[in-house]
Amino acid sequence: RNFKRRDDTELLNSIINDNNLPALYFCFSRKLTESKARSTARNRSLTSKDERKQFEDIWQQAKGEFQFNDERGAMADLHDILERGIGYHHAGMLPQQKEIVERLFSKALIKLLYTTETFAMGINMPARSTVIASLSKRTERGHRPLMASEFLQMAGRAGRRGLDTQGYVVTVQSRFEGVREAAQLATSPSDPLVSQFTPSYGMVLNLLQRHDL
């Protein structure tokens, strides 16, 4: 009952002061990734003058390539956040927005990226450290703890091959989860892979239209 959740200021200061950027901050809500990025960008900038110039060059190149208007609206808002070396990434963004964010992150011009767990799968963009906002998540079937494979997928982004000797993973404590749950996830083996492949008559017919037996 007496648990008081603090804001991210102390956590971010620790990551920055220990030179553990770039960092991925995993959240389990698209809305939360955007609100955290905006809040952080209001209070700090993580890029140098030279890096801001590099960012502007990439932004203008993307603007010519994708033909978008950045004078107002969503793109203008995204520009102001990214310029500070902070960003967000989730499946609900426009394809050109995600492409710009991924280009900037790959060139280390985004130092702190708030993202959903989709960024942990398939995209080869590791960071020096990762933050996992919660050890549980809300799903269509209700609230549940993270599975070991989900935790390992996100934690595995910490540490860049050829650049870092080790990566750092930070878990955020809540009133329901703490050190014990983090230790259990960190030491658990990955969950077995279970195939979701379910062949149907329709699938067979579609294949037979293109191929013989």
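The values are calculated or read from the model by the stated rules, or taken from the named source; none is laboratory data. Everything quoted here is computed from the prediction, not taken from an experiment. All Cβ positions, glycine included, derive from the backbone under ideal geometry; neighbour counts span all protein chains shown. Side chains included, ligands, DNA and RNA excluded: accessible areas come from the protein's heavy atoms. Shrake-Rupley method; radii C 1.70, N 1.55, O 1.52, S 1.80 Å.
At a glance:
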| read-out | value |
| --- | --- |
| Failed item, numbered, when residue 70 is tested on (1) under 30 Å from residue 165 (Cβ atoms); (2) in contact with a helix residue (DSSP H, G or I) (Cβ under 7 Å, 6 or more places away or on another chain); (3) modelled with pLDDT under 95; (4) of a type outside the set (S, T, N, Q) | (1) |
| Segments classed as helices (runs of 4 or more DSSP H), wholly inside the range 1-108, with at least 1 members that are among the basic types (Lys, Arg) | 30-43, 49-66, 95-106 |
| Residue 15 β-branched (Val, Ile, Thr), in contact (Cβ under 8 Å) with a residue 40 or more places away in the chain and more than 28 Å from residue 135 (Cβ to Cβ) | no |
| Residue satisfying all of: in the range 9-50; acidic (Asp, Glu) and surrounded by fewer than 19 Cβ atoms within 10 Å (Cβ to Cβ); modelled with the lowest pLDDT among these | 10 |
| Sole residue being free of Cβ contacts under 8 Å to residues at least 12 places away in the same chain and either open to solvent by less than 100 Å² (accessible area, probe 1.4 Å) or within 22 Å of residue 30 (Cβ to Cβ) (or both), chosen from 127, 183 | 183 |
| Selection status of residue 166, modelled with pLDDT of 80 or more, more than 23 Å from residue 10 (Cα to Cα) and either polar (S, T, N, Q) or not in a helix (DSSP H, G or I) (or both) | no |
| Lone unmet requirement of (1) modelled with pLDDT under 95; (2) open to solvent by less than 20 Å² (accessible area, probe 1.4 Å); (3) touching a strand residue (DSSP E or B) at 6+ places or on another chain (Cβ under 9 Å) for residue 114 | (1) |
| Which listed residue, of 119, 151, is of a type in the set (A, V, I, L, M, F, W, C), out of contact with any helix residue (DSSP H, G or I) (no Cβ under 8 Å at 6 or more places or on another chain) and surrounded by 20 or more Cβ atoms within 10 Å (Cβ to Cβ) | 119 |
